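The values are calculated or read from the model by the stated rules, or taken from the named source; none is laboratory data. Just so you know, these numbers come straight off a predicted model, no measurement behind them. When we count neighbours, we look across all protein chains shown, and the Cβ atoms used for this are built from the backbone with ideal geometry, even at glycine. Heads up: the accessible areas ignore ligands, DNA and RNA and are worked out on the full protein's heavy atoms, side chains in. Shrake-Rupley method; radii C 1.70, N 1.55, O 1.52, S 1.80 Å.
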Amino acid sequence: MANKTKIALGGGCHWCTEAVFQALKGVINVEQGFAASEGDYTAFSEAVIVHFNTDVITLKTLIKIHLLTHKSASNHSMRTKYRSGIYAFSDDQHIEAETILNAFQLEFENKLITKVYSFSKFRPSREAIQNYYLKNPKKPFCEAFINPKLKLLMDRFSRQVNTEYIQ
């Protein structure tokens, strides 16, 4: 029996984030939308919920890919809309994600701004923009912003990439 779980990730445009995680083996489903946490982070921010099989892909690999495919060390002016975060669905997952994130800091020259939050709420994107890359791979946005992220996946994580997905 497969070990299925989920994690929510945000950091950049959810079209990009959705496309990156849809391309991976072991990812069962990616929900595109807006996530919120608690306390100072109740405002919705663009994110995805990644449902995955832990027998095929680990949380550690997903977090590493997440850190490398958005500006995880850049605290730019759009951070309210694009909060750099990992939204945990349980206390155990929160601790695991924090441990993974802290270990990856050693691989980055600049301080990671990505934080681990407790998942609180999710609001899906409107149907018209879900699966954006799959519907529009030749659009200028996809060619300019998503394709370079998919190339990075092919270059650094080729064993985890479902090559039929890459256009």
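Asn75 meets the conditions (1) out of contact with any helix residue (DSSP H, G or I) (no Cβ under 9 Å at 6 or more places or on another chain); (2) at pLDDT 95 or above; (3) open to solvent by 60 Å² or more (accessible area, probe 1.4 Å) in every case but one. The failed one is (2). Between Gln105, Gln93, which is surrounded by 16 or more Cβ atoms within 10 Å (Cβ to Cβ), under 20 Å from Ile65 (Cα atoms) and of a type outside the set (Lys, Arg)? When all the criteria are applied, what remains is Gln93. Scanning region 121-165 for residues that are assigned to a loop (DSSP other than H, G, I, E, B) and exposed (fewer than 15 other Cβ atoms within 10 Å of the Cβ) gives Arg126, Lys138, Lys139, Asn162, Thr163, Glu164. Of Ile146, Ile166, Ile113, all but one fail to be touching a Cys at 6+ places or on another chain (Cβ under 8 Å) and either of a type in the set (A, V, I, L, M) or closer than 21 Å to Asp40 by Cβ (or both); the exception is Ile146. Right, Glu18: open to solvent by less than 10 Å² (accessible area, probe 1.4 Å), touching a strand residue (DSSP E or B) at 6+ places or on another chain (Cβ under 7 Å) and acidic (Asp, Glu) or not? The answer is yes for Glu18. Consider region 31-72. How many of its residues are closer than 24 Å to Arg123 by Cβ and charged (D, E, K, R)? Number of matching residues: 5. The residues of region 47-72 that are more than 15 Å from the chain's Cα centre (by Cα) and open to solvent by 30 Å² or more (accessible area, probe 1.4 Å), listed by number, are Thr54, Asp55, Val56. Of the set (1) under 14 Å from the mean Cα position of the chain (by Cα); (2) farther than 19 Å from Gly26 by Cα, all apply to Lys149 but (2).
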